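Take a look at the structure below.
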Amino acid sequence: MQERYSPTEIESAAQEHWEAVNAYLTVEHARRPDGTEKPKFYACSMLPYPSGKLHMGHVRNYTINDAMYRQLRMKGYNVLMPMGWDAFGMPAENAAIKSKVPPAKWTYENIAYMKKQMKAMGLGIDWSRELAACDPRYYKWNQWLFLKMLEKGIAYRKTQVVNWDPVDQTVLANEQVIDGRGWRSGAPVEKREIPGYYLRITDYAEELLSYVQDRLPGWPERVRLMQEHWIGKSEGTRFAFTHDIRGEDGRLIQDGRLYVFTTRADTIMGVTFCAVAPEHPLAAHAARGDAGLAAFIEACRQGGVTEAELATREKEGRPTGLTVTHPLTGQPVPLWVGNYVLMSYGDGAVMGVPAHDERDFAFAKKYDLPIRQVIAVEGQSFSTDAWQEWYGDKQAGRTVNSGKYDGLAHAAAVDAVAADLQALGLGEKRTTFRLRDWGISRQRYWGTPIPIIHCADCGPVPVPEQDLPVVLPEDLIPDGSGNPLARHEPFLACTCPRCGKPARRETDTMDTFVDSSWYFMRYASAGNDDAMVDARNDYWMPMDQYIGGIEHAVLHLLYARFWTKVMRDMGLVKFDEPFVKLLTQGMVLNHIYFRKGEKGGIEYFWPDEVENVYDAKGSIVGARLKRDGSEIEYGGVGTMSKSKNNGVDPQSLIENQGADTARLFVMFASPPEQTLEWSGSGVDGAHRFLRRLWSFCHARRDRIAAGQAVAAPDWKAAGPAVQALRRDVHAILKQADYDYQRIQYNTVVSSGMKLLNTLEDAQLDGPAGDAALAEGVRVLLAVLYPIVPHITWTAWQELGFAARHGDLLDAPWPEVDESALVTDEIELVLQVNGKLRGALAVPSSADRAAVEALALAHEAVGRFLEGRPPKRVIVVPGKLVNVVG
């Protein structure tokens with residue numbers, strides 16, 4: 001065993017050994033030496049986008065997974081930890097535009113580099129199951145299942161209002177619209193109606209919601225709440241305002257009915273206006289004869305269609321000059337166009353009840369519309385001057401100014417109104433969901449081609465299954481002027497499968513959420529080119545532990561759950577939910593330093609370029625550049641980002657201080673689910689600990705070897721020092737075992753540090769002392785191995801443990817010796833009147849009376865009571881005794 005700790009040499013040698021023995025190859029139904037089958041455990045991290053380099057968030061995520069993998073493998077589980085690449089999407093196209101190289105070349109080069117980095121981290125990944133979303137062998141099955149969904153009506157084509165980026169020439173998802181502008185181009189987003197393909201996720205809304213509530217106990221509560229909110233179940237009433245508005249063809253528009261949905265049918269008598277979306281047929285009809293309204297509708301086309309944007313957008317509207325008829329009173333109700341009404345939600349129309357809806361109240365005040373109170377709360381006075389919270393309280397009030405419904409509470413009023421509407425044939429109670437069908441069409445090049453052929457005679461025709469995959473050409477270079485597939489004749493030109501005439505391929509590609517909705521199942525069925533999944537998927541799934549960022553808590557997880565249920569209903573899988581447990585790891589944060597330019601631009605500086613300026617309390621209040629002493633601003637801590645120059649390159653850290661140092665720091669600095677603030681001194685401290693661990697093992701290598709040669713030590717006959725050491729070793733092991741189970745790896749590291757301190761301080765002699773030392777070091781290396789596998793594996797080999805216990809990869813997890821924890825005497829905290837006054841040693845078998853007697857006889861009690869008789873003695877068994885006087 002070499003004297004100096006050299007992470008480069010140690011980590012290279014360990015990784016070469018693991019690769020030589022194919023240490024991480026995982027097979028189904030693995031068996032123990034005795035022939036019994038190991039229980040399976042599937043632990044998977046969310047696959048990364050191959051953007052070029054790993055960042056510290058990746059290091060943290062994958063180290064969490066790796067620590068779980070290694071510890072469970074030692075516990076006797078058959079564990080799978082695979083890896084792949086979320087390789088399609090806009091970032092590759094943007095990089096291609098900038099560098100003028102095909103996205104494929106950029107993507108594959110990044111995959112190669114990031115894979116090399118992952119190996120340098122020592123991750124226990126089964127690379128035989130590796131996949132990339134841009135591989136035709138993978139996306140063939142995206143296309144295959146899409147066609148199956150098309151057959152069953154789950155996938156369908158329709159025209160829909162979408163967010164359109166006029167610069168990137170593509171549809172944007174709602175989350176890609178920021179303040180009304182495209183997330184990449186910054187161009188004002190337009191609303192357009194274009195055809196696209198959709199998946200009926202709404203057919204599964206009820207099951208998706210109920211399973212969140214009942215079937216996912218291993219998920220964080222906040223993620224379940226986010227999923228529930230996104231699905232958004234509402235119980236309400238859908239009903240129609242009738243009208244006699246006819247189109248140019250003389251027919252009633254929408255059969256003379258304007259439908260709305262409301263959860264507040266009890267306020268129906270307070271309706272003073274209705275508003276429709278700018279794209280609504282009634283709005284278009286009114287705009288034909290009103291240039292001002294037409295201009296307003298055109299202006300509404302600018303900006304996104306997200307609910308978040310609607311919430312912050314100033315509510316604006318224009319009257320149409322049209323009216324609809326109130327279904328119960330028969331009175332005319334003016335019709336407006338509102339920029340806050342979405343055509344894609346419900347029927348694209350809302351009823352306006354200003355007195356009892358805050359948004360409607362503000363709209364009515366702005367445009368001087370009537371505000372009619374129909375709900376009253378005892379002891380509260382109503383005024384149209386300003387909105388009060390109780391106006392919208394549906395539980396506390398009763399109906400007023402509502403004719404036959406007066407005096408009814410919310411539920412009774414809703415039931416009565418719904419019954420009357422149903423009797424008139426104009427409405428009924430209905431359950432609706434906020435969730436909308438999933439639009440998967442993207443006007444982009446770098447994605448899974450949608451397997452549709454467009455024929456002038458036959459219309460859209462599915463690509464025959466035997467012709468899959470429709471292969472995406474990988475040599476195109478986008479230039480930012482739209483989808484290059486639309487100009488690539490070798491891809492476009494084809495023959496109609498039905499009539500044999502010349503036809504054109506669909507140029508839209510699939511949303512990249514499709515790629516990530518089932519990749520974890522493909523890991524389990526890797527290499528099967530004849531089926532999407534096979535029996536191996538039945539073995540591994542559902543996944544036992546999924547690990548990833550909270551930013552994926554809604555869409556990715558929701559789509560993966562939906563995709564799983566579709567596969568289940570098609571007989572492809574036998575489970576309802578894909579992920580049993582979910583861990584959302586916290587972000588990695590670092591300090592942000594910047595300077596604002598004269599023209600408003602911001603220049604960011606790397607943390608190692610600056611010196612902090614502190615206030616009297618030691619808080620950072622500013623900074624200076626090291627190079628010239630000029631002052632810059634301190635922006636606090638934030639998520640590591642290349643754009644803010646506050647990231648840390650894992651590769652540099654690995655090369656300089658070792659992968660184990662990086663792993664140890666990210667596991668020790670914070671519990672996995674909490675944010676982690678980067679600390680250069682913390683990294684240095686982690687490296688010092690590893691050097692200390694190595695030096696300790698080297699200095700005691702002979703005694704450790706001797707201790708392993710002691711056959712069956714008689715621990716009961718050993719001296720007090722040996723028994724005290726073993727008690728500490730097994731108490732720490734017990735705590736570490738518990739912390740591994742609850743995924744609290746920061747306290748696992750703490751246990752390892754405490755154990756090293758204990759071993760360093762132990763005063764041992766003789767064979768029993770050597771045996772206790774060897775046992776303690778074996779436990780120490782085993783406890784720390786999942787966190788820092790290179791140094792512990794090497795020390796394990798060098799110290800001779802492998803010869804007796806096997807390779808540390810599969811060495812049995814050490815068992816707690818409960819007998820070592822038994823002691824003849826325990827120490828209790830001693831308090832007098834609630835204040836700490838010392839410690840009290842008592843026999844472990846002492847009853848309450850004996851503990852009280854020993855406490856009263858303690859000299860500290862008499863001294864601090866100052867001769868006063870004790871009033872009572874409080875005993876907390878095993879912890880403390882408090883004498884009250």
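Count of lysine pairs in the range 233-433 with Cα atoms under 21 Å apart, counting only pairs 8 or more residues apart in sequence or on different chains? The partial results should precede the final answer.
Details: 233/394; 233/429; 315/365; 315/366; 394/404; 394/429; 404/429.
Pairs that pass both the separation and distance tests number 7.
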Quick one: order 268, 245 by neighbouring beta-carbon count within 10 Å, fewest to most. 245, 268
If contacts are Cα pairs under 8 angstrom and at least 6 residues apart, what is the relative contact order of the range 825-884 in percent? 42
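Given DSSP loops and a limit of at most 11 other Cβ atoms within 10 Å, what is the longest stretch of the chain that contains no such GluC sites (Glu not before Pro)?
Details: sites that count: 3, 248, 314, 378, 598, 815, 866.
After excluding every exposed loop site, the longest remaining stretch is 4-247.
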Over 20 Å (Cα to Cα) - which of 119/581; 596/626; 40/574 fall in this group: 119/581
Angle check, please: helix 720-741 long axis (alpha carbons) against the longest principal axis of the chain (alpha carbons), in degrees 0 to 90, nearest 10. 10
Residues meeting the amide H criterion for residue 837 (H placed from the backbone, H to H distance under 5 Å, 5 or more places apart or on another chain) are 830, 831, 832
Equivalent ellipsoid semi-axes for the range 792-885, as square roots of 5 times the alpha carbon gyration tensor eigenvalues: give them largest first, rounded to whole Å. 46, 13, 10
List every residue whose amide H lies under 5 Å from the amide H of residue 463, counting only residues 5 or more places away in sequence or on a different chain, with H placed 1.01 Å from N in the peptide plane. 452, 453
Longest principal axis of the chain (C-alpha) makes with the long axis of helix 221-231 (C-alpha) an angle, in degrees to the nearest 10, of 10
Nearby aspartates and glutamates by direct alpha-carbon distance to residue 100 (threshold 18 angstrom, same-chain neighbours under 8 apart not counted): 109, 168, 474, 475, 479
Taking amide H positions as placed in the peptide plane 1.01 Å from N, state which residues far from residue 273 in sequence (5 or more) or on other chains have amide H under 5 Å from it. 352
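All of the numbers you see were taken from the coordinates with simple rules; none came from a lab. Predicted, not measured: the structure shown is a model, and the values here were computed from it. Here the Cβ is made from the backbone with ideal geometry for all residues, glycine too, and neighbour counts use every protein chain on show.
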